[in-house]
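Derivation of every value follows stated rules applied to the coordinates shown; laboratory data play no part. This is a predicted model, so every value here is computed, not measured. With ideal geometry, Cβ positions are generated from the backbone for all residues, glycine too; neighbour counts draw on all protein chains shown.
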Amino acid sequence: MIFLRQRWLFMYKFIFIFAFAQFIFLFGVNDSQAKNKISNVSASKTYKNISGNIVWTGYGLGKTLTGGVALKKAELIVSNDQIQSGFFALDMNSIHHKDSAVVKFLKSEDFFETSKYSEAIYKINHVRSLKNKKNKNMFMIEGELQVRDVQQKFNFEAEIIKKGESYSTTADVEIKDRTMFDLKFNSAKFNSMAQLGQDLIEDQIRIQIDLVAKH
């Protein structure tokens with residue numbers, strides 16, 4: 001009987017020690033995971049102090065028009081020194097060109113209709129490194145562009161350089177088909193060349209981006 005009691009006592013002790021060890025192990029793993037999550041959250045930074053220049057270029061039959069538009073607001077989320085997401089909004093009422101007649105036309109219902117659609121917004125969903133490029137600072141920015149309340153997937157390459165706590169971004173972007181955003185005025189897709197003549201407006205729009213984000 002004494003032998004059996006000692007044997008059962010030994011088994012109870014073994015089970016208790018094993019269970020306690022499992023508890024410590026699981027608690028340690030979960031605690032470590034929680035700390036990692038907290039660490040990742042704390043590593044994220046939000047940049048709202050963003051400024052720079054945005055230049056647009058449009059094309060007609062044998063002519064080129066170039067002007068600018070102001071950045072209204074923007075935000076970047078950075079984690080582990082990499083831009084993860086964000087957005088920037090353009091103030092379409094700030095669109096400018098040396099010819100006031102061009103500005104009036106671009107703001108009109110025939111084109112951007114800025115009285116109704118005062119912003120053009122680009123939402124950044126993902127940023128990935130272009131490792132096959134010679135320039136290690138080249139990235140593919142993937143997201144959605146919204147113009148005149150029409151949203152389309154839109155990706156472009158950009159050079160992103162980190163300097164201390166700042167990020168500079170430069171890009172030369174082409175919207176290949178403006179009609180995707182309901183910008184159909186004087187497009188050859190909806191009018192014959194005979195009808196348009198010298199009034200043809202090409203479907204391509206070039207956008208040059210030069211921005212700096214400071215924390």
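Assorted remarks:
- In order along segment 108-124, phi translates into HN-Hα couplings of 6, 5, 5, 10, 7, 6, 5, 5, 9, 10, 7, 10, 10, 10, 10, 9, 8 Hz, rounded to whole numbers, per the Karplus curve 6.51 cos²θ - 1.76 cosθ + 1.60 with θ = phi - 60° and x for Gly and Pro.
- Label-point separation in nm, Met140 to Val103, each point 7 Å along Cα→Cβ: 3.9 nm
- Between Ala194 and Leu61, the modelled labels are 1.3 nm apart [label points 7 Å from Cα along Cα→Cβ].
- Charge tally for Phe156 (other residues, Cβ to Cβ under 10 Å; Lys, Arg +1; Asp, Glu -1): -4.
- The H on the amide N of Gly86, modeled in the peptide plane, is under 5 Å from the matching H of Ile77, Ile124, each at least 5 residues off or on a different chain.
- Over segment 44-214, volume per residue of the alpha carbon convex hull, in Å³: 125 Å³
- Charge tally around Lys136: other residues with Cβ under 12 Å, Lys/Arg +1 each, Asp/Glu -1 each, net +3.
- Ordering Ala70, Ala101, Phe88 by Cα displacement along the dipole of segment 62-104 toward the positive end leaves Ala101 in first place; charges were set at the Cβ atoms of Lys, Arg (+1) and Asp, Glu (-1).
- Between Gly60 and Leu65, Glu202, the built amide H atoms are under 5 Å apart, and every one of these is 5 or more places off in sequence or on another chain.
- For the residue pairs Lys98/Lys214; Lys134/Lys189; Lys98/Lys123; Lys73/Lys189; Lys73/Lys153, the alpha carbons lie more than 28 Å apart in Lys98/Lys214; Lys134/Lys189; Lys98/Lys123; Lys73/Lys189.
- Vicinal HN-Hα couplings computed from phi for segment 161-174 (Karplus, 6.51 cos²θ - 1.76 cosθ + 1.60; Hz; Gly/Pro x): 10, 8, 10, x, 9, 10, 10, 10, 10, 10, 7, 10, 10, 10
- Applied to segment 181-197, the Karplus parametrisation 6.51 cos²θ - 1.76 cosθ + 1.60 on θ = phi - 60° returns per-residue 3J(HN,Hα) values of 10, 6, 9, 9, 4, 6, 8, 5, 6, 10, 9, 7, 4, 5, 6, 7, x Hz, with x for Gly and Pro.
- Full-stretch length increase - Lys163, Ser118 - with 0.36 nm per residue and alpha-carbon distance subtracted: 12.9 nm
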